[in-house]
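Shown next, in structure tokens, is the structure this report addresses.
The values are calculated or read from the model by the stated rules, or taken from the named source; none is laboratory data. Keep in mind that this is a model prediction, so the values were computed, not measured. Here the Cβ is made from the backbone with ideal geometry for all residues, glycine too, and neighbour counts use every protein chain on show. Side chains are part of the model used for accessible areas, which takes the heavy atoms of the whole protein and leaves out ligands, DNA and RNA. Shrake-Rupley method; radii C 1.70, N 1.55, O 1.52, S 1.80 Å.
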Amino acid sequence: MGTPANRPEEAPYSRKIIVRYSAEIVDKPIVYRLVKDFDLAFNILKARIFPRREGLLVLDLVGTKENFDRGIQYLKESGVFVEPLSKRVSRNMDRCVHCGACVAFCSTDALSLDRSTMQVHFDPEKCSGCEICVTACPARAMEINLL
Amino acid sequence: MKPCKVTKTYREINEKIRRRKAVVVTAEEIIDIVDRHGEEEAARRVDVVTTGTFSPMCSSGAFLNFGHSSPRIKASRVWLNDVPAYGGIAAVDCYIGATEVVEGDPLNSVYPGEFNYGGGHVIEDLVSGNVIRLRAEGYGTDCYPSKRLERNITLKDLPDAMLFNPRNAYQNYNVAVNLSDKTIYTYMGVLRPRMANANYSTSGQLSPLFNDPYYETIGIGTAIFLGGTRGYVAWPGTQHNPNVPRTAKGIPREGAGTIAVIGNLKEMDPRWLVGASILGYGVSLYVGIGVPIPVLNERMARHAAVRDEDIVMNVFDYGMDVPSGNPKSLGEVTFKDLRSGAVTLNGRKIPSAPLSSYFKAQEIAALLKERIEKGEFFLGEPQWTLPSVAPDKKGP
């Protein structure tokens, strides 16, 4: 079983992507290959075929980082256009004043106060992307970046 | 009060600073020195103890003079980047308050309001050197015929700009919890329901007024670190009240002392004046303040050696009691516990979170220490110290 408990070195890697493809390859089983060859789980968030038979897919892909990168490489080589959709929260160090107000509302402890240095630490790995900190940080140090 | 064995004067200490011979330590460092050598020896060795605090301080703002235009205007209504400033003073003077919200902000109509821009941010933009859109309206007089003025300004263009904060550096402050069953958004930050977190705002043993609990060296003319430059204590702050319950060591158990401070905005630095957007509450200004405490005698050494465990703070319910105007203390906690990350109240362990940056407070105390050691910053002898308790009510 590929649970994180069994394979701690391979924490699930999840990214949302936009895939656009032309009429020539609209009938190729692209998503099937992502599953079969790269062991990526997918969730189709949006899918459309336009009148001239070009297609658009918004996918949430979950797998390992390595397989994800190989999968994206495969998509690009297949002649489809891939761009990221998902967002990530990051900290603007120039704005952070290390007050620690965020500790009160960060539910995953991604934001924590090191009690020895009294500095705020941000661990993106723990961040669930709830984005509460983006408006609740008084100094507005937390930002959303498009991946 | 017993007579002191060590007595130093401001003049003597300033002379030592001039010769770069003054011994300066931070409010954290003095604790060990008093522990190791006793307060009398500490008073002989140490001349100045530096303190620091960095926190949103709502009672802050700046007087700006933007110079006369031609034709002249008596600017009775003024906006800076669309944030209203008070224009009810002389023709081209105004006061921009830290908590004034930008015009057209949805406020709390989309709850909780984000309050992305306001007076605190205008002040930060000014000290950052950013361009500000000044807009003014007058009603027209014989001597001030113009009725409208619009122009871009920067801090450099202004003839005068002074930060004047009527109440800063509260000696002690409430710890806030929320006993209600929904999340609330307060000036004490986000408070999760059923006492899920306790928020506080002080730098404890580093905080200026905890290090001189009876204000024996702090008063009108005390030179301080304010927003990065040298400022002054101008007056007791609004709501200054020395007569509150105190611990055996003289530490107030509640609000107590405050200071009104003043300084030249043009010399200030955006590292120490930062606009704050407090979710669901409004805008404010983080202000960095450091007060040097002269160790005039062993009494001051003892006071400056205050430590986190000596500081007690009362916990109040911001879900119901405080907003309705009937604050009742739910209990006392120590600053040591607050800083450790959790407090125990009525047998329950509650995670604690600050609004005040202890890290920045440390930086301020260290910076002020460095400036005094280098002979760049001298003590200002107060003309009159802040109102305190009656002499017979003062602790040891």
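In the neighborhood of A:VAL58, defined by Cβ-to-Cβ distances under 15 Å, what is the net charge if each Lys or Arg adds +1 and each Asp or Glu adds -1?
That works out to +3.
Does chain B classify as rounded, prolate or oblate by the C-alpha gyration tensor (a ≥ b ≥ c root eigenvalues; a/c under 1.5 gives rounded; else a/b over b/c gives prolate, otherwise oblate)?
Here chain B falls in the oblate category.
Just want to confirm a number: the relative contact order over region A:13-84, from Cα pairs under 8 angstrom separated by 6+ residues, in percent.
46
What are the residues of region B:333-361 that lose 30 Å² or more of accessible area, with a 1.4 Å probe, going from their chain alone to all protein chains?
B:ARG339, B:ALA353, B:PRO354, B:LEU355, B:SER357, B:PHE359
With a sphere of radius 12 Å drawn around the Cβ of B:SER76, what net charge do the other residues whose Cβ falls strictly inside it have (Lys, Arg +1; Asp, Glu -1)?
Result for the neighbourhood of B:SER76: +2.
Given the C-alpha centroids of region B:36-82 and region B:174-237, what is the distance between them in whole angstrom?
A separation of 15 Å, based on Cα centres.
Say the dipole of chain B comes from +1 at the beta carbon of Lys and Arg and -1 at that of Asp and Glu; which of B:LEU209, B:VAL274, B:TYR187 then lies farthest toward its positive end?
Value: B:LEU209.
Quick one: what are the phi-derived ³J(HN,Hα) couplings along region A:124-129, Karplus 6.51/-1.76/1.60 with θ = phi - 60°, whole Hz, x for glycine and proline?
x, 5, 8, 6, 8, x
Which value in deg cm²/dmol, rounded to the nearest 500, describes the helix-derived mean residue ellipticity at 222 nm for chain B, given -39,500 (n - 2.57) per DSSP H run of n ≥ 4 and division by the residue count?
Per the formula, -5000 deg cm²/dmol.
Give the whole-number value, in cubic angstrom per residue, of the convex hull volume spanned by the C-alpha atoms of chain A.
Normalising the Cα hull of chain A by residue number yields 142 Å³.
With a 1.4 Å probe and every protein chain left in place, work out the accessible area per residue of region A:87-146 in Å², rounded to a whole number.
48
Compute, for chain A, the length of the dipole vector about the Cα centre, with Cβ point charges of +1 (Lys, Arg) and -1 (Asp, Glu) only. Units Debye, rounded to 20.
460
Given only helices, namely DSSP H runs of n ≥ 4 each adding -39500 (n - 2.57), what is the per-residue ellipticity at 222 nm of chain A, to the nearest 500 deg cm²/dmol?
Value at 222 nm, helices only, nearest 500: -5000 deg cm²/dmol.
Whole angstrom only: what separates the Cα centroid of region B:332-396 from the Cα centroid of region A:81-139?
About 27 Å separates the Cα centre of region B:332-396 from the one of region A:81-139.
With everything on Cα atoms, drop me the angle between helix A:65-77 and the longest principal axis of chain A, reported from 0 to 90° to the nearest 10.
For A:65-77 against chain A, the angle is about 40 degrees.
Holding the Cα-Cα limit at 32 Å, pick out from A:LYS87/B:LYS369; B:LYS2/B:LYS360; B:LYS2/B:LYS374; A:LYS46/A:LYS126; A:LYS126/B:LYS266 the pairs that are longer than that.
Among A:LYS87/B:LYS369; B:LYS2/B:LYS360; B:LYS2/B:LYS374; A:LYS46/A:LYS126; A:LYS126/B:LYS266, the Cα-Cα distance tops 32 Å for A:LYS87/B:LYS369; B:LYS2/B:LYS360; B:LYS2/B:LYS374; A:LYS126/B:LYS266.
Once the protein assembly as shown is represented by equal point scatterers at the alpha-carbon sites, with solvent omitted, what log10 I(q)/I(0) does the Debye formula produce at q = 0.07, 0.08, 0.13 Å⁻¹?
Taking Cα atoms of the protein assembly as shown as identical point scatterers yields -0.51, -0.64, -1.23.
Counting Lys and Arg as +1 and Asp and Glu as -1, each charge on the Cβ, what is the dipole of region B:137-178 about the Cα centre in debye, to the nearest 20?
My answer is approximately 120 debye.
Where does helix B:29-45 land angle-wise versus the long Cα axis of chain B, in degrees 0 to 90, nearest 10?
70
With a cut-off of at most 10 other beta carbons within 10 Å, and DSSP calling the residue loop, which trypsin sites (Lys or Arg not before Pro) in region A:16-55 qualify? Please list them.
For trypsin sites (Lys or Arg not before Pro) across region A:16-55 that sit outside H, G, I, E and B with at most 10 neighbouring Cβ atoms in 10 Å, the list reads A:ARG52.
Just the number, please: carbon plus sulfur as a percent of the accessible area of the protein assembly as shown, 1.4 Å probe, no ligands or DNA/RNA counted.
Whole-percent figure for carbon plus sulfur exposure: 51.
Write down the accessible area per residue of region B:284-379 in Å², having rolled a 1.4 Å probe over the full set of protein chains.
On a per-residue basis, region B:284-379 sits at 34 Å².
How high is the relative contact order of chain A, in percent, counting Cα pairs under 8 Å that sit 6 or more residues apart?
Once normalised by length, the contact order is 23 percent.
What's the magnitude of the charge dipole for region A:78-138 around its Cα centre, counting Lys and Arg as +1 and Asp and Glu as -1 at the beta-carbon? Answer in Debye, nearest 20.
Using Cβ point charges on Lys, Arg, Asp and Glu, region A:78-138 gives about 80 debye.
Starting from the Cα of B:THR238, step 7 Å along the direction of its Cβ; do the same at B:ARG151; then give the gap between the two resulting points in nm.
That separation, rounded to one decimal, is 3.1 nm.
For the charge dipole of chain A, defined by +1 on Lys and Arg C-beta atoms and -1 on Asp and Glu C-beta atoms about the Cα centroid, which residue among A:PHE68, A:VAL97, A:ILE18 has the Cα displaced farthest towards the positive pole?
A:ILE18
Report, to the nearest 10°, how far helix B:358-373 tilts away from the longest principal axis of the Cα atoms in chain B, using its own Cα long axis and a range of 0 to 90°.
With both axes taken from Cα atoms, the answer is about 80 degrees.
Eigenvalues of the Cα gyration tensor times 5, then square-rooted: what semi-axes does that give for region B:248-396, in whole angstrom, largest first?
29, 23, 17
Considering the dipole of region A:87-146 built from charges on the beta carbon (Lys and Arg +1, Asp and Glu -1) around the Cα centre, which of A:SER112, A:ILE144, A:CYS127 is farthest to its positive end?
A:ILE144
Evaluate E = 1/(1 + (r/R0)^6) for B:TYR111 and A:ALA41, where r is the Cβ-Cβ distance and R0 equals 45 Å; express this FRET efficiency to the nearest 0.05.
Efficiency, from the Cβ-Cβ distance: 0.75.
Determine the sum of side-chain charges near B:GLY395: Lys and Arg each +1, Asp and Glu each -1, restricted to other residues whose C-beta is under 9 angstrom from that of B:GLY395.
Taking every Cβ under 9 Å from that of B:GLY395, the sum is +4.
Averaging sequence separations of C-alpha pairs under 8 Å and six or more residues apart, then dividing by the length of chain B, give the relative contact order as a whole percent.
Answer for chain B is 26 percent.
Which residue fluctuates most in the GNM of chain B (Cα springs below 10 Å): B:ALA43, B:ALA342, B:ALA260?
B:ALA342
Interface B/A, total buried accessible area with a 1.4 Å probe, nearest 100 Å²?
Buried: approximately 1900 Å² between A and B.
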